[in-house]
Amino acid sequence: MKVTVVGAGNVGATCAQIVAEKNIVQQVVLIDIKEGLSEGKSLDLWQTAPINEYDTRITGSTNDYSKTAGSEVVVITSGLPRKPGMSRDDLISINAGIVKSVTENVIKYSPDAKIIVVSNPLDVMTYAAYVTSKFPKNRVMGMAGVLDTARYRAFLAEALDVSPRDIQALLMGGHGDTMVPLPRYTTVSGIPVTELIDEEKLNAIIERTKKGGGKLVNLMGTSAWYAPGSAAAQMVEAIVMDQKRIFPCCVKLEGEFGLNDVFVGVPVKLGKNGVEKIVEINLTADEQALLVESAAAVKEIMDVVDGMNIL
Ligand SMILES: NC(=O)c1ccc[n+]([C@@H]2O[C@H](COP(=O)([O-])OP(=O)(O)OC[C@H]3O[C@@H](n4cnc5c(N)ncnc54)[C@H](O)[C@@H]3O)[C@@H](O)[C@H]2O)c1
């Protein structure tokens, strides 16, 4: 069992590390366009194996995709991260070109892989990988919802002074400002969160979650990596271990939630076949309106990419 992580930068290396530490696959291949980077990081990571007690081999390659052959899952993190003052959408044309070329290389050697896209703007890069790969839609998905939901859960745990493990939550929609919060589907060990926190405080946490990524960009001068890398690794685990876990992931919708031909975050079941099911939960009219708005924002950027003739 092999997993490839494309992009040995902050998010990619973190994802590779966490997948390896989970000890769930035989090999993790880290690949990057920058000479020596993935070889160096993979060597450094492999030297943590005796300390952190895992067997997963980590190897690196500068742009030689033959080393990635037969990967079960490929995580695409290559691209420019967002810099202060730069919106996710500024990254469109550069990252779409990168995701396209990387996907072409990946599918040559791993035609049966499940692809998890992390590069931003997330929903549109997932579309780029889907169009380029021509894979069935269950094998191309984007990571955003697991991260956004983790941020929301972490902030709630802090506010309620409870374990983050006990908070179950679900966010839908596009990654970032247009994400759709669903307090009705948030519980603390089964207790509806609305019984534990007042509406004003909950709304402040939702706002903090929406701006969670931007806050980190401002603090660090680049976008986050520990939580994004961990989130992608959790999706890898769900697939390679066939866990059938329900996570919010960016997938292509074909009629679900009344939306068509758009990539947006919805709850899905992840297992060995990738996205095994889209879980069509009931939404109130207000929630549905937010989802439609969020999907429209993604569609607008998908149209921009189409207009650029990159894909
Ligand atoms: N989906 C999310 O929730 C989420 C969260 C955080 C970051 N991101 C995105 O993930 C991406 C990576 O972020 P990062 O912080 O790791 O950036 P980074 O700059 O640390 O790493 C990106 C790596 O991609 C490599 N790269 C560029 N072009 C390549 C190509 N053609 N082939 C192979 N490798 C190539 C670069 O050399 C670099 O090492 C960015 O687009 C960022 O916006 C998404």
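The values are calculated or read from the model by the stated rules, or taken from the named source; none is laboratory data. Keep in mind that what you see is a predicted model, and the values were worked out from it rather than measured. Neighbour counts run over all protein chains shown; Cβ positions are idealised from the backbone, glycine included.
Give just the number: which of (1) closer than 20 Å to Leu259 by Cα; (2) crowded, with 23+ Cβ neighbours inside 10 Å does Val131 not satisfy?
(2)
Can you report the number of residues in segment 160-189 which are more than 30 Å from Pro121 (Cα to Cα) and touching a helix residue (DSSP H, G or I) at 6+ places or on another chain (Cβ under 9 Å)?
Result for segment 160-189: 6.
Can Thr132 be described as touching a Ser or Thr at 6+ places or on another chain (Cβ under 8 Å), more than 22 Å from Gln234 (Cβ to Cβ) and near the ligand (Cβ under 10 Å from one of its atoms)?
no
Would you pick out the residues in segment 1-28 that are touching a residue at least 40 places away in the same chain (Cβ under 8 Å) and surrounded by fewer than 16 Cβ atoms within 10 Å (Cβ to Cβ)?
Selection gives Met1 alone.
Any idea which residue in segment 208-247 is surrounded by the fewest Cβ atoms within 10 Å (Cβ to Cβ), counting only those that are among the β-branched types (Val, Ile, Thr) and part of a helix (DSSP H, G or I)?
So the residue we want is Val217.
Select from segment 251-267 the residues that are in a strand (DSSP E or B) and farther than 14 Å from Leu170 by Cβ and list them in ascending order.
Across segment 251-267, the qualifying residues are Val251, Lys252, Leu253, Glu254, Asn260, Asp261, Val262, Phe263.
Which pairs have Cβ atoms under 7 Å, sit 6 or more apart or on different chains, and link a residue in segment 106-120 that is in contact (Cβ under 8 Å) with a residue 60 or more places away in the chain to one that is within 13 Å of the ligand (Cβ to nearest atom) and of a type in the set (Gly, Ala, Ser)?
Ile116/Ala232; Val117/Ala129; Val117/Gly142; Val118/Ala232; Ser119/Ser78; Ser119/Gly79; Asn120/Gly79
In segment 220-254, how many are out of contact with any helix residue (DSSP H, G or I) (no Cβ under 9 Å at 6 or more places or on another chain) and within 14 Å of the ligand (Cβ to nearest atom)?
Total meeting the criteria: 2.
Please determine, by comparing only the residues of segment 95-124 that are surrounded by fewer than 24 Cβ atoms within 10 Å (Cβ to Cβ) and within 9 Å of the ligand (Cβ to nearest atom), which one is nearest to Lys2 (Cα to Cα).
The residue in question is Asn105.
Would it be correct to say that Val146 is within 15 Å of the ligand (Cβ to nearest atom) and crowded, with 22+ Cβ neighbours inside 10 Å?
Here the answer is yes, as Val146 does meet what is asked.
Within segment 72-86, is there a residue that is more than 12 Å from the ligand (Cβ to nearest atom), farther than 21 Å from Ala231 by Cβ and modelled with pLDDT of 95 or more?
no
I'd like to know if segment 90-104 contains one or more residues that are farther than 28 Å from Ile301 by Cβ and in contact with a strand residue (DSSP E or B) (Cβ under 7 Å, 6 or more places away or on another chain).
No - not one qualifying residue is present in segment 90-104.
I'm trying to understand the selection: among the residues of segment 157-179, which are among the hydrophobic types (A, V, I, L, M, F, W, C) and under 21 Å from the mean Cα position of the chain (by Cα)?
Result: Ile167, Ala169, Leu170, Leu171, Met172, Met179.
Suppose we filter Ile51, Ile58, Ile31 for residues that are at pLDDT 95 or above and surrounded by fewer than 17 Cβ atoms within 10 Å (Cβ to Cβ); which single one remains?
Ile51
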